[in-house]
Amino acid sequence: MTSPHRLVIAGGSGFLGRAVARHFSDLGWDVVTVSRSPSAVSMPGRWVRWHGLRQGEWAREVGGAAAVLNLAGRTVNCRYTAQNMLDIYTSRLDTTRALGTAIRDAAAPPPVWLNSSTGTIYRGAQTPQTEAAGEIGDGFSVDVGQRWEAALLEEDLPRTRRVALRTAMVYGLGTDGVMATTDPLMRLGLGGPMAGGGQYVSWIHERDFCRAVEFLVDSELAGPVNVSAPQPLPNRDFLRAYREAWGMPLGIPSTAGLIGLGAAVMRSEAELLLKSRYTVPERLLQTGFEFEYPSWPEAIAALVAEVREVGHAGR
Ligand SMILES: NC(=O)c1ccc[n+]([C@@H]2O[C@H](COP(=O)([O-])OP(=O)(O)OC[C@H]3O[C@@H](n4cnc5c(N)ncnc54)[C@H](OP(=O)(O)O)[C@@H]3O)[C@@H](O)[C@H]2O)c1
């Protein structure tokens, strides 16, 4: 009997890691989660500790793996204080470098390494931003994305294909996902257009995120790949569909000032809501990836139906 393919997920104890672990485990893969502490929620596969910096026992899992996925990173949903900004950088750059070293030193390096990046690497835009023609922006979040992608390429790894996942906001079930935070606002009638609602929202359903990871493991793509649904839409339309999915007719609009205040109270940053993100997954589409949820109203209706049935807890 041949042993199952091994997927190593660094930073896999979080919202996306758990979803990917379930997906690949259902496909029959041997899933190994590498993180500083085990997930609070039960998840499939094995768990191995690391500190995100030094080599250790965990590096043995990298050798002979069929694929490595790195999702480690301190959440960006916080105030951008000097300490938090430092943590946002180091949690991404140190972990990426640690994986690069482990892959370089492995006798049997994995054929593919997918590393998280961010769709927010593009400038705030009202026009489509593709991998080939999109314009890189500026500011803190963009700098994080650029350094993250540069760290992925630091080592000379001739036997490993590398992909930077420029992922949009992922909507799915789980208490630490964005949806668990925004659902109550919709249900309370607070999900009206934000600062006029003209800024674009790029998003992806968690199932398509997991399917895109599977597709990229099997494909021959290397370099940056936009992992986002093909139909971004203005904030006002995004929120209207979200409210409708919850059956809430009321959506009180909010000004940019109010959002800044709300973000400060919730220890977050207004940029997360106000920047116009128009990411288009050109490379995925060109290579034949088919989205199960290309359109937001259908995606959010399906997700809300699932939340109504099982809730966010336990995922
Ligand atoms: N969710 C989204 O919508 C989205 C969109 C675009 C990009 N991304 C990126 O995708 C990655 C995963 O997202 P997620 O939503 O799954 O995030 P998450 O739930 O916050 O999980 C992040 C993971 O990073 C690890 N981590 C946190 N701080 C760390 C540190 N200082 N050093 C080392 N590891 C640390 C955590 O594991 P331990 O604490 O156990 O080590 C956890 O497994 C993140 O890098 C995020 O920026 C997410």
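In this structure, the amide hydrogen of Leu233, modeled 1.01 Å from its nitrogen in the peptide plane, lies closer than 5 angstrom to those of Val201, counting only residues at least 5 positions away or on a different chain. Peptide packing for 186-193, 247-254 was compared via the average number of neighbouring C-beta atoms within 10 Å per residue; ordered from the highest value, the list is 186-193, 247-254. With each label modelled as a point 7 angstrom along the Cα→C-beta vector, the Asp218-Glu309 pair spans 2.5 nm.
Each principal axis of the Cα atoms in the range 199-249 has its own extent, and those three values, largest first, are 45, 21, 9 angstrom. In order along the range 240-257, the Karplus-derived 3J(HN,Hα) couplings, from 6.51 cos²θ - 1.76 cosθ + 1.60 at θ = phi - 60°, round to 4, 5, 5, 4, 4, 4, 8, x, 9, x, 8, x, 6, x, 10, 8, 4, x Hz, and Gly and Pro are given as x. Phi angles of the range 32-48 translate, via the Karplus equation with coefficients 6.51, -1.76, 1.60 and θ = phi - 60°, into HN-Hα couplings of 10, 8, 10, 7, 6, 8, x, 5, 6, 9, 5, 9, x, x, 9, 10, 10 Hz per residue; Gly and Pro are given as x. Listed values for the range 119-127 are Karplus-derived 3J(HN,Hα) couplings in whole Hz (6.51 cos²θ - 1.76 cosθ + 1.60, θ = phi - 60°), namely x, 7, 5, 7, 5, x, 9, 10, 10, and x replaces Gly and Pro. Extension gain, Gln146-Leu261: 0.36 nm per intervening residue step, less the Cα-Cα distance, totals 38.5 nm. By the count of other C-beta atoms within 10 Å, a proxy for reagent exposure, Val304, Val8, Val280, Val178 are ordered fewest to most as Val178, Val304, Val280, Val8. Computed from label points 7 Å out along Cα-Cβ, the spacing between Glu135 and Arg79 is 3.3 nm. Extension gain, Glu57 to Arg159, is 34.5 nm, computed as 0.36 nm per intervening residue step minus the present C-alpha separation. For the range 77-180, applying the loop criterion from DSSP together with a ceiling of 16 other beta carbons within 10 Å to the chymotrypsin sites (Phe, Trp or Tyr not before Pro) yields Tyr80. Under 5 Å between amide hydrogens, built in the peptide plane, is the criterion, and for Gly192 it picks out Ile252 among residues at least 5 positions away or on other chains.
Approximating the spin labels as points 7 Å out from Cα along Cα→Cβ, the Gln126-to-Ser3 distance works out to 5.6 nm.
Legend: calculated FRET efficiency, Glu298 to Ala66, from the Cβ-Cβ distance at R0 = 35 Å, rounded to 0.05, equals 0.60.
Look at Val20, Val310 and count the other Cβ atoms within 10 Å of each Cβ; fewest to most, that gives Val310, Val20.
Once amide H atoms are placed 1.01 Å from N in the peptide plane, what residues at a sequence separation of 5 or more from Trp58, or on another chain, have their amide H within under 5 Å of its amide H? Here nothing satisfies the definition.
Each value in this text was obtained by applying a stated rule to the coordinates, not by laboratory testing. Keep in mind that what you see is a predicted model, and the values were worked out from it rather than measured. We place every Cβ from the backbone using ideal geometry, glycine too, and count neighbours over all the protein chains shown.
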